[in-house]
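The values are calculated or read from the model by the stated rules, or taken from the named source; none is laboratory data. Remember, it's a predicted structure, so these values are computed and weren't measured experimentally. Neighbour counts are summed over all protein chains in view; Cβ atoms, including those assigned to glycine, are modelled from backbone coordinates with ideal geometry. Heavy atoms of the whole protein, side chains included, go into the accessibility calculation; ligands, DNA and RNA do not. Shrake-Rupley method; radii C 1.70, N 1.55, O 1.52, S 1.80 Å.
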Amino acid sequence: MRTSKQMGNFLTEEQINKFQADGYLVIPGFVLPEDTEALLKRSKELLDDFNVEEHPLTRFTTSDKDHVGDDYFLSSGDKIRYFLEEDAVDASGKLTREKQKSVNKIGHALHELDPIFRRTTLENERLRALVRDLKFHRDPVALQSMVITKQTQIGGEVPEHNDSTFLYTNPPSALGFWIALERCTATNGALSFLPGSHLIYPVTKRFVRLGQGKGTGFEQLPITPEEEELSRKPKGEYILETCNPGDLVLIHGSVLHKSERNTSPHTRFAYTFHMIDSAPYAQYDEKNWLQPTKELPFSRVLPAGEIN
Ligand SMILES: O=C(O)CCC(=O)C(=O)O
């Protein structure tokens with residue numbers, strides 16, 4: 001039965017208003033305990049399956065100075081691949097620790113190719129109900145997914161960013177779904193957010209392919225001098241969002257967020273995926289690092305014919 005505060009089947013009016021004001025929303029217990037456990041177990045099995053011999057030892061970083069751009073990364077959109085922590089490989093090209101503890105993340109088509117991740121993403125009625133209530137997109141498609149492992153000690157910081165920089169559409173339409181698979185605390189790298197930043201700061205750049213063999217880089221977006229000045233100003237206080245296994249964090253594509261290095265003895269596994277709006281509501285182009293393939297186009301989230 002719906003309560004008076006409920007907007008649709010899933011989210012309350014307060015939750016929708018909070019998401020719109022803050023640019024993110026924590027939904028405790030969105031994923032049931034048995035499903036959360038299955039996602040964590042599968043994540044660990046994938047780490048066990050990691051074949052180091054066949055790996056180019058690609059490390060993952062999104063900092064402005066250094067970013068991934070090799071073919072292993074650029075062709076990972078329709079595969080399940082492994083990306084390593086910055087400190088995971090020594091000068092002689094060998095892993096500095098056991099393979100499971102060297103991985104920063106696994107991506108980018110878990111939601112398509114793995115039945116356990118698919119069940120939480122493309123075959124999830126609760127998720128469809130949430131998407132209908134939120135009305136963030138008219139015709140959402142899921143375009144990528146990752147398990148981020150944030151291993152103890154080595155699990156690196158994720159610097160301040162917004163997701164529309166990395167999953168750019170015109171107009172920006174990225175929406176992140178981030179599910180804690182373990183407890184996320186102040187010391188193991190819980191996410192933190194700058195509430196309301198999605199309403200203040202424009203998306204100033206996009207992460208693009210630079211052309212055959214040239215890897216990836218950032219391209220500046222046209223912004224006004226006022227927006228340029230604004231984006232250089234000190235940005236206020238981040239709020240740390242500790243959370244529990246099964247909690248979902250919805251992340252507006254323009255909200256600034258980050259996570260610190262894991263300095264604790266506890267791992268911080270999370271499963272995350274993103275949606276964008278599809279044409280004609282938003283344009284996705286060939287400059288983006290992540291490209292759909294003929295074999296695996298981006299999948300619609302709502303049933304055929306349904307527009308939000
Ligand atoms: O899991 C993390 O630490 C960072 C995730 C994040 O920033 C993202 O998915 O946009």
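Side notes on the structure shown:
- Looking only at the range 16-35, and only at residues there that are out of contact with any strand residue (DSSP E or B) (no Cβ under 6 Å at 6 or more places or on another chain) and in a helix (DSSP H, G or I), the one that is surrounded by the fewest Cβ atoms within 10 Å (Cβ to Cβ): Glu34
- Within the range 128-143, at least one residue is closer than 30 Å to Leu302 by Cα and exposed (fewer than 14 other Cβ atoms within 10 Å of the Cβ).
- Check on Val141, under 16 Å from the mean Cα position of the chain (by Cα) and at pLDDT 95 or above: yes
- Any chance Val203 is β-branched (Val, Ile, Thr), within 18 Å of the chain's Cα centre (by Cα) and at pLDDT below 95: yes
- Selected residue (only one of Ser254, Ser231 is of a type in the set (S, T, N, Q), touching a Phe, Trp or Tyr at 6+ places or on another chain (Cβ under 9 Å) and surrounded by fewer than 17 Cβ atoms within 10 Å (Cβ to Cβ)): Ser231
- Among residues of the range 279-295 that are part of a strand (DSSP E or B), those with a beta-carbon under 7 Å from a residue that is surrounded by 14 or more Cβ atoms within 10 Å (Cβ to Cβ) and not hydroxyl-bearing (Ser, Thr, Tyr) at least six positions away or on a different chain give the pairs Asn288/Val208.
- The set of residues in the range 267-304 being open to solvent by less than 10 Å² (accessible area, probe 1.4 Å) and more than 15 Å from the ligand (Cβ to nearest atom) consists of Ala282, Asn288, Val301, Leu302.
- For the range 227-259, filtering for residues that are among the charged types (D, E, K, R), over 26 Å from Arg126 (Cβ atoms) and either within 16 Å of the ligand (Cβ to nearest atom) or assigned to a loop (DSSP other than H, G, I, E, B) (or both) leaves 4.
- Taking the listed residues Ser173, Ser145, the one that is part of a loop (DSSP other than H, G, I, E, B) and either more than 9 Å from the ligand (Cβ to nearest atom) or farther than 30 Å from Pro115 by Cβ (or both) is Ser173, with no other qualifying.
- Residue check, Arg118 under 18 Å from Glu37 (Cα atoms) and outside any loop (DSSP other than H, G, I, E, B): yes
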